[in-house]
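Notes to accompany the following structure.
The values are calculated or read from the model by the stated rules, or taken from the named source; none is laboratory data. All of these numbers come straight from a predicted model, not from anything done at the bench. Cβ sites come from the backbone with ideal geometry, for glycine too, and all protein chains shown count toward neighbours. Please note that ligands, DNA and RNA were not included when accessible areas were found on the heavy atoms of the full protein model with its side chains. Shrake-Rupley method; radii C 1.70, N 1.55, O 1.52, S 1.80 Å.
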Amino acid sequence: LYNGINNVFTELDLNFWVSGGTLLGFSRHKTFLPWDDDLDVHTESKNKAFLHSEEFRNVLNKHGMEPLFMIGSDESFSFYKGGDRVKLIEHLNPVMDIFFVHNTQERMIKVENWVNDEIILNNNENWSRADIYPIKKTRIDDLPIRLPSDPHNVLSKQYGPSYDKEIHCGHPPHTIVY
């Protein structure tokens, strides 16, 4: 699934970087978290309309994947953890969550929800552009991984300053202490 998304985003010349539990696993364990039930990436909110387009669906299909929407979300509305999901065709799992980040001149702020073209931002998850760009390319588990420029600052904002020792996440089934 990760290779497929990497290939699609590369083919379409779209930026993305790993985030959430995927970034946590790569930073803390140098691999995927064995208990995580999805993959997480971020991309800029300017890509949202395209990721909801027929053209994007067709490119995903060509690579053996299909889009899903999180419960309560579609192209014009999201009320909880706004993002898209992608999965392999004819498979229920794993899924990849694609979250959007609003880009200002100085900050990158996670999009929490949207109604049509209006976006609601999650000000708890906001980073300097230098925390994200330039995207660092590396290999983990023999996969071409795209990391934010400063994974420590990104993870500290997402999970708190002790993310490397423990994690408390308020949306089950992700509630764990490491």
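One residue stands out among those in the stretch 6-51 that are hydrophobic (A, V, I, L, M, F, W, C), out of contact with any Leu (no Cβ under 8 Å at 6 or more places or on another chain) and closer than 17 Å to H63 by Cα: the one that is modelled with the lowest pLDDT, which is L51. Give, as residue ranges, the helices (runs of 4 or more DSSP H) completely inside the stretch 1-80 that count at least 2 residues that are without any contact (Cβ under 8 Å) to a residue 60 or more places away in the chain and more than 12 Å from the chain's Cα centre (by Cα). Because the criterion is at least 2 residues that are without any contact (Cβ under 8 Å) to a residue 60 or more places away in the chain and more than 12 Å from the chain's Cα centre (by Cα), the helices (runs of 4 or more DSSP H) in the stretch 1-80 that meet it are 2-12, 48-51, 54-62.
Each residue in the stretch 27-70 was checked for being open to solvent by less than 40 Å² (accessible area, probe 1.4 Å), in contact with a helix residue (DSSP H, G or I) (Cβ under 8 Å, 6 or more places away or on another chain) and of a type in the set (A, V, I, L, M, F, W, C), and 7 of them qualify.
Residues of the stretch 121-166 that are of a type outside the set (D, E, K, R), assigned to a loop (DSSP other than H, G, I, E, B) and open to solvent by less than 60 Å² (accessible area, probe 1.4 Å): Y133, I135, P148, S149, G160, S162, Y163.
Is it the case that S76 is open to solvent by less than 60 Å² (accessible area, probe 1.4 Å), at pLDDT 95 or above and among the polar types (S, T, N, Q)? Please lay out each step first, then the result.
Numbers: open to solvent by less than 60 Å² (accessible area, probe 1.4 Å): yes; at pLDDT 95 or above: no; among the polar types (S, T, N, Q): yes.
The answer is no for S76.
Any idea which residue in the stretch 96-120 is nearest to the chain's Cα centre (by Cα), counting only those that are buried (at least 19 other Cβ atoms within 10 Å of the Cβ) and more than 19 Å from N15 (Cβ to Cβ)? The selected residue is E112. Six or more apart or on different chains, Cβ under 9 Å: which pairs go from a residue in the stretch 110-129 that's among the basic types (K, R) and at pLDDT 90 or above to one that's open to solvent by 80 Å² or more (accessible area, probe 1.4 Å) and in a strand (DSSP E or B)? Could you list them? So the pair list comes out as K110/N123; K110/N124; R129/R107.
Which of the residues belonging to the stretch 45-62 are hydrophobic (A, V, I, L, M, F, W, C) and within 18 Å of T10 (Cβ to Cβ)?
Hits for the stretch 45-62 are F50, L51, F56, V59, L60.
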